[in-house]
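Below: one structure, written as structure tokens.
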Amino acid sequence: MKILEIKNITKNFGGIKAVSNVSFDVKKGEILSIIGPNGAGKTTIFNLITGFYIPDDGKIIFKGIDITKIPTYKRINLGIGRTFQNLRLFKSMSIFENVLSASLVKSEYNLLSSITRNKNFYLKKSEAEHKTRKLLEFFSLDKKESYPAISLPYGEQRKLEIARALALDPELLLVDEPAAGMNPSEVIDLIDIFHKIQETFKTTIIIIEHHMDFVMNISKRIIVVDFGEKIMEGTPEEVKNDKRVIEAYLGEEFISA
Ligand SMILES: Nc1ncnc2c1ncn2[C@@H]1O[C@H](COP(=O)(O)OP(=O)(O)OP(=O)(O)O)[C@@H](O)[C@H]1O
Ligand SMILES: [Mg+2]
């Protein structure tokens with residue numbers, strides 16, 4: 001079953017064709033990767049799916065609903081979550097508070113109940129705290145929960161951002177370069193984490209990544225973009241042997257590696 005259908009989307013910035021007539025489907029429960037050179041249009045595709053930008057042309061269908069033009073918050077409510085290429089954590093807030101802020105949004109904790117401090121307020125708050133704790137355990141960040149986010153090594157900050165995105169219970173999670181800045185053992189750990197996320201939360205995941213070992217290991221299917229266009233779609237095996245992909249992105253040395 002398709003959870004997301006991208007139909008001929010195009011986005012121009014002035015004279016730059018950031019995304020040009022791109023189409024692909026995402027199946028429920030799969031891990032799909034998007035690869036391509038710097039400036040190829042990968043993050044722009046995420047920004048179109050999440051509503052940061054509206055496409056000049058084309059359609060985006062999520063769970064059968066046309067979301068092409070609806071605002072970002074409505075897409076979040078429908079079940080689309082993301083992380084950012086440049087991390088957007090609340091740096092001086094604690095690790096716990098970073099995730100709690102998202103858990104509270106989802107728990108429908110609101111201003112009125114926080115002012116009146118009714119029974120519902122305490123119930124929602126304790127549910128959100130419980131969920132936050134579980135997520136931090138899942139990412140092995142629970143021992144450091146009171147530290148400020150900024151105190152974490154870079155790789156763990158990336159994990160924290162994924163934890164915060166999951167606190168909103170996304171059915172579809174978009175992750176922009178999760179392995180950037182990670183050391184090799186953190187990358188191996190990250191492959192495990194994504195498989196665990198998929199099993200535990202049944203989340204469908206789209207990953208943008210330059211780290212090829214990671215991509216080849218984690219994805220069932222890969223989309224390759226270059227100069228805003230989709231140039232190939234296939235299994236890791238098909239992609240790494242495709243002449244156009246090697247020329248545009250992977251380079252000859254990848255074959256012999
Ligand atoms: N808001 C914007 N205004 C103008 N140009 C933009 C904007 N966002 C993206 N672009 C341009 O669109 C093109 C695609 O950018 P995008 O960030 O999607 O690439 P990317 O594939 O994510 O690259 P990278 O691997 O470096 O992150 C680039 O030429 C970029 O400069
Ligand atoms: Mg990018």
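Given a 1.4 Å probe and the protein chains as shown, Leu250 ends up with an accessible area of around 20 Å².
Stretched out straight at 0.36 nm per residue, the stretch from Asp25 to His210 would grow longer than its current Cα-Cα span by 64.5 nm.
Here's the picture: charge each Lys and Arg Cβ at +1 and each Asp and Glu Cβ at -1 in segment 111-257, and of Val224, Ile188, Thr204 the one pushed furthest to the positive end of that dipole is Thr204.
Take the Cα of Lys202, go 7 Å toward its beta carbon, and the backbone nitrogen atoms of segment 65-82 under 15 Å from that spot belong to 79. Computed per residue of the chain from DSSP H runs no shorter than four, each worth -39500 (n - 2.57), the mean residue ellipticity at 222 nm is -11500 deg cm²/dmol.
Phi angles of segment 142-154 translate, via the Karplus equation with coefficients 6.51, -1.76, 1.60 and θ = phi - 60°, into HN-Hα couplings of 5, 5, 10, 4, 8, 6, x, 3, 5, 6, 6, x, 3 Hz per residue; Gly and Pro are given as x. So what's the net charge close to Asn12: Lys and Arg +1, Asp and Glu -1, counting the other residues with Cβ under 12 Å from its Cβ? Local net charge: 0. Could you tell me the calculated FRET efficiency between Ser126 and Phe13, based on Cβ-Cβ distance and R0 = 51 angstrom, to the nearest 0.05? Using R0 = 51 Å, I get an efficiency of 0.65. Across segment 89-101, rounded Karplus estimates of 3J(HN,Hα) from the backbone phi angles (6.51 cos²θ - 1.76 cosθ + 1.60, θ = phi - 60°) give 7, 7, 4, 8, 6, 5, 4, 4, 5, 4, 7, 4, 4 Hz, Gly and Pro being marked x.
Report the local net charge at Glu129: Lys and Arg +1, Asp and Glu -1, summed over other residues whose C-beta lies under 11 Å from its C-beta. Result for the neighbourhood of Glu129: +2.
For segment 122-128, backbone phi angles converted through the Karplus equation (6.51, -1.76, 1.60; θ = phi - 60°) give residue-by-residue couplings of 5, 5, 5, 5, 6, 4, 5 Hz, Gly and Pro being listed as x.
The values are calculated or read from the model by the stated rules, or taken from the named source; none is laboratory data. Bear in mind the structure is a predicted one, so any value in this text is a computation, not a measurement. Backbone-built Cβ (ideal geometry, glycine too); neighbour counts: all protein chains shown. These accessible areas exclude ligands, DNA and RNA; they are computed on the full protein's heavy atoms, side chains included. Shrake-Rupley method; radii C 1.70, N 1.55, O 1.52, S 1.80 Å.
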